[in-house]
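Trainee: There's a structure below that I have some questions on.
The values are calculated or read from the model by the stated rules, or taken from the named source; none is laboratory data. Since the model is a prediction, treat every value here as computed from it, not as a measurement. Glycine also receives a Cβ, built like all others from the backbone with ideal geometry; neighbour counts cover every protein chain displayed.
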Amino acid sequence: MTLVALRGGSGEDEALRYPQDVEDFEQEIVDQHALAMSAAGLSDDHVASSRSVVVEFARSLTVPLWAASCQDADRFLAEQRRRGLSVTTRAGKAGVLARFYEFVIGRYQGQIHRLTGALVEQPVDEFNRQSGASLAKVRVPPSEVEVDKLFAGWRTSVGEARKYLPAARDYFAASLWRRLGLRINETVMLDIRDWRPDLGGMGKVHVRFGKGSRGRGPKQRLVPAINGADELIDWWLAEVRHQFGDDWSNPDAPMLPSERFDDELGRCGRVGSNALRRALGIQTGLWLPSWSGRLTPHVLRHYCASSLYGAGMDLKALQELLGHQWLATTSGYIHVRSEHVEQAWKNANQRVAARFGEV
């Protein structure tokens, strides 16, 4: 039996000779990995889900975790596909395993090699790692004309709706996606206190529940109320929000309330994301039927990025607006029309011609 290392109580390595010893050592590595993730500030849910993936992979092996090869990962990931798991799920599991083995190599490589002579291999590489679904799906948004048509029709229908308040709320939420590129969860979690008209020339929206990376919890940012968002928010708070109930003056009340009153909190409940998605789908079917079933809140986020870039906003500013960690992510949100590319080409040639003309 292969000898492996275990941290002894005296701090020295102890050789293990029995199957139970091997299992105990594997358990130690998995536990230490979970502890390291907790120390890095990752959420409990993320730690638990990552741990379950590692355990699932370990159970698929006929060798200890530290002896796994690329072929073992090939078989595991191929089995995930045969089971019908989505591309996103498979990519997530591959990423978890890759980070786990980075941890094992960084923390345990010397100890394992010292007692067994083995080198831990990174089993997830560029050849078997599943790409995320977003890499294969380009969310090209509608044109400006199409979006204007949708929101013009939607705005007209609000005043004629059987239930004015939820109709106005749904229109307001979708307008935030269109104008500021907020995520749907960021929108749902806004409170009245999050509108800060005192900040900047146009006011700013305090997004407290932005998407964090790798389970690190909410990432906050301040979003300037550009692109007409300041007038939109003023309309909502001045003319509509107070009609939902007396909680309109409570800074902790939700910016987008539900019609249902929360007796425990003594104020309106918070609207759910499904209600907002459903409203967008209904209005798209009415006013922009060619996009029925395809226009989502995230597609409107892409539209916002593309339209602002087309209007002259640079990528770095867009990155801050959208709350992206990497500029490369922001660039994937930009879908410019052909005339924009052609105009950029003409401008570049004109600058070159002018520079040579001055010589």
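Trainee: Give me the pairs, please: first residue somewhere in region 333-359 and under 26 Å from G323 (Cβ atoms) and charged (D, E, K, R), second residue anywhere and modelled with pLDDT of 75 or more and surrounded by 10 or more Cβ atoms within 10 Å (Cβ to Cβ), beta-carbon distance under 8 Å, and either six or more positions apart or on two chains.
Mentor: Sorted first by the residue in region 333-359, then by its partner, the pairs are R337/S143; R337/G310.
Trainee: Report yes if some residue within region 304-316 is in contact (Cβ under 8 Å) with a residue 12 or more places away in the chain, surrounded by 13 or more Cβ atoms within 10 Å (Cβ to Cβ), within 21 Å of G228 (Cα to Cα) and out of contact with any helix residue (DSSP H, G or I) (no Cβ under 8 Å at 6 or more places or on another chain); otherwise report no.
Mentor: Start the filter on region 304-316 by keeping residues that are in contact (Cβ under 8 Å) with a residue 12 or more places away in the chain, which leaves 304-310, 315.
Remaining after also requiring surrounded by 13 or more Cβ atoms within 10 Å (Cβ to Cβ): 304-310, 315.
Subsequent filtering for residues that are within 21 Å of G228 (Cα to Cα) retains 304-310, 315.
Right, trim to out of contact with any helix residue (DSSP H, G or I) (no Cβ under 8 Å at 6 or more places or on another chain) and you get 306.
Scanning region 304-316, I find at least one residue that is in contact (Cβ under 8 Å) with a residue 12 or more places away in the chain, surrounded by 13 or more Cβ atoms within 10 Å (Cβ to Cβ), within 21 Å of G228 (Cα to Cα) and out of contact with any helix residue (DSSP H, G or I) (no Cβ under 8 Å at 6 or more places or on another chain), so the answer is yes.
Trainee: Moving on to the next point. From the residues in region 130-145 that are within 12 Å of G332 (Cβ to Cβ) and outside any helix (DSSP H, G or I), which one is modelled with the highest pLDDT?
Mentor: So, considering only residues that are within 12 Å of G332 (Cβ to Cβ) and outside any helix (DSSP H, G or I), the one modelled with the highest pLDDT is V140.
Trainee: From the list V96, V63, which residue is β-branched (V, I, T), touching an Asp or Glu at 6+ places or on another chain (Cβ under 8 Å) and at pLDDT 90 or above?
Mentor: Working: V96 fails: touching an Asp or Glu at 6+ places or on another chain (Cβ under 8 Å).
Exactly one residue qualifies, and that residue is V63.
Trainee: Report the residue count in region 75-88 for those that are assigned to a helix (DSSP H, G or I), surrounded by 15 or more Cβ atoms within 10 Å (Cβ to Cβ) and not aromatic (F, W, Y).
Mentor: Residues of region 75-88 that are assigned to a helix (DSSP H, G or I), as a first pass: 75-82, 87-88.
This time we only want the ones that are surrounded by 15 or more Cβ atoms within 10 Å (Cβ to Cβ), so: 76-77, 80, 87.
Keeping just the survivors that are not aromatic (F, W, Y) gives 77, 80, 87.
Number satisfying all stated conditions: 3.
Trainee: If you don't mind, there's one more thing I want to ask. Report, by residue number, each residue of region 35-52 that is surrounded by fewer than 17 Cβ atoms within 10 Å (Cβ to Cβ) and either within 18 Å of D125 (Cα to Cα) or among the charged types (D, E, K, R) (or both). If you could, list the steps in order and put the result at the bottom.
Mentor: Filtering region 35-52 for residues surrounded by fewer than 17 Cβ atoms within 10 Å (Cβ to Cβ) gives 35-36, 38-41, 43-45, 48-49, 52.
Listed by number, the residues that qualify are D44, D45.
Trainee: All but one of (1) at pLDDT 80 or above; (2) in a helix (DSSP H, G or I) hold for Q350; which doesn't?
Mentor: (1)
Trainee: What are the pairs, 6+ residues apart or on separate chains, where a residue within region 149-160 that is farther than 16 Å from L232 by Cβ has its Cβ under 6 Å from a residue that is part of a helix (DSSP H, G or I)?
Mentor: Listed by first residue and then by second, the contacts come to G153/W287.
To keep it simple, each residue is scored yes or no on (1) more than 19 Å from A68 (Cα to Cα); (2) touching a helix residue (DSSP H, G or I) at 6+ places or on another chain (Cβ under 8 Å).
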residue	(1), (2)
G84	yes, no
V87	yes, yes
A94	no, yes
Y101	no, no
R107	no, yes
H113	no, no
T116	no, no
L119	no, yes
Q122	no, yes
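Trainee: Inside region 248-261, can you point out the residues that are surrounded by fewer than 16 Cβ atoms within 10 Å (Cβ to Cβ) and either in contact (Cβ under 8 Å) with a residue 60 or more places away in the chain or touching a strand residue (DSSP E or B) at 6+ places or on another chain (Cβ under 9 Å) (or both)? Walk me through it before giving the result.
Mentor: Here is the first cut: in region 248-261, the residues surrounded by fewer than 16 Cβ atoms within 10 Å (Cβ to Cβ) are 249, 251-252, 259-261.
P251, D252, E259, R260, F261 - these are the residues of region 248-261 that are surrounded by fewer than 16 Cβ atoms within 10 Å (Cβ to Cβ) and either in contact (Cβ under 8 Å) with a residue 60 or more places away in the chain or touching a strand residue (DSSP E or B) at 6+ places or on another chain (Cβ under 9 Å) (or both).
Trainee: Do we have V240 as surrounded by 14 or more Cβ atoms within 10 Å (Cβ to Cβ) and within 22 Å of A275 (Cβ to Cβ) here?
Mentor: Spelling it out, V240 is indeed surrounded by 14 or more Cβ atoms within 10 Å (Cβ to Cβ) and within 22 Å of A275 (Cβ to Cβ).
Trainee: Among the residues of region 236-260, write down those that are touching a helix residue (DSSP H, G or I) at 6+ places or on another chain (Cβ under 7 Å) and small (G, A, S).
Mentor: Once the filter is applied, which keeps residues that are touching a helix residue (DSSP H, G or I) at 6+ places or on another chain (Cβ under 7 Å) and small (G, A, S), region 236-260 yields only A253.
Trainee: Quick check, is Q111 part of a helix (DSSP H, G or I), farther than 30 Å from W291 by Cα and assigned by TED's automatic domain parsing to the domain that holds V22? Working first, answer last.
Mentor: Numbers: part of a helix (DSSP H, G or I): yes; farther than 30 Å from W291 by Cα: yes; assigned by TED's automatic domain parsing to the domain that holds V22: yes.
Answer is yes for this residue.
Trainee: May I pose another question? Name the residues in region 276-330 that are in contact with a Ser or Thr (Cβ under 6 Å, 6 or more places away or on another chain) and assigned to a loop (DSSP other than H, G, I, E, B), would you?
Mentor: If the condition is that a residue be in contact with a Ser or Thr (Cβ under 6 Å, 6 or more places away or on another chain) and assigned to a loop (DSSP other than H, G, I, E, B), then S292, L295, H324, Q325 are the ones that fit.
Trainee: Is it the case that some residue within region 160-178 is assigned by TED's automatic domain parsing to the domain that holds A275, surrounded by fewer than 16 Cβ atoms within 10 Å (Cβ to Cβ) and small (G, A, S)?
Mentor: Checked region 160-178: at least one residue is assigned by TED's automatic domain parsing to the domain that holds A275, surrounded by fewer than 16 Cβ atoms within 10 Å (Cβ to Cβ) and small (G, A, S).
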